[in-house]
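Taking it in order: structure first as structure tokens, then the write-up.
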Amino acid sequence: MPFISKAVHVRWSGEGVWMPLGDLDFGVGYENHTSYPAPGQIILYPGGISETEILLAYGGVHFASKMGQLAGNHFITLTSGLENLRRLGEMTLWQGAQPVHFETL
């Protein structure tokens with residue numbers, strides 16, 4: 001931490017934004033993985049079929065790539081500010097990549 005990136009709107013998964021991480025290897029396998037994160041849940045796809053990525057659901061998500069369904073490790077759930085998620089998702093969809101900054105408090 002901190003983690004600084006840009007969020008882009010998903011192409012295959014529905015209502016979510018993702019942060020592409022290329023071939024970054026976190027050294028983790030699948031644990032607590034899902035293809036259907038709820039709004040406010042953040043998942044890490046550790047790579048394999050598609051590139052490593054972090055995905056934040058703001059609405060209905062069926063996590064996938066052009067290769068088909070994927071599953072990612074649910075590792076963070078947002079508990080406040082959820083009323084802003086849809087605005088972030090729609091801004092990313094219509095205005096392009098948005099800056100993202102995660103840090104511990």
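Every read-out reported here was derived from the displayed coordinates using simple, explicitly stated rules and does not represent laboratory data. As the structure is a prediction and not an experimental result, all values here were calculated from the model. Neighbour counts run over all protein chains shown; Cβ positions are idealised from the backbone, glycine included.
Checking the stated criteria, Trp12 turns out not to satisfy the condition of being outside any loop (DSSP other than H, G, I, E, B) and among the aromatic types (Phe, Trp, Tyr). Selection of region 2-43 for residues being within 17 Å of Met67 (Cα to Cα) and buried (at least 19 other Cβ atoms within 10 Å of the Cβ) yields Val10, Ser13, Trp18. Out of all the residues in region 27-46, which are in a loop (DSSP other than H, G, I, E, B) and of a type in the set (A, V, I, L, M)? Selection gives Val28, Ala38. Pairs linking a residue in region 57-84 that is of a type in the set (D, E, K, R) to a residue that is surrounded by 15 or more Cβ atoms within 10 Å (Cβ to Cβ), with Cβ atoms under 9 Å and 6 or more positions apart or on different chains, are Lys66/Trp12; Lys66/Ser50.
With (1) in contact with a Ser or Thr (Cβ under 8 Å, 6 or more places away or on another chain); (2) of a type outside the set (S, T, N, Q); (3) over 19 Å from Trp12 (Cβ atoms) as the list, and Leu82 as the residue in question, which single condition is left unmet? Every condition holds for Leu82 apart from (1). Of the conditions (1) small (Gly, Ala, Ser); (2) at negative phi; (3) surrounded by 12 or more Cβ atoms within 10 Å (Cβ to Cβ), Gly47 clears all except one; give me its number. Result: Gly47 fails condition (2) only.
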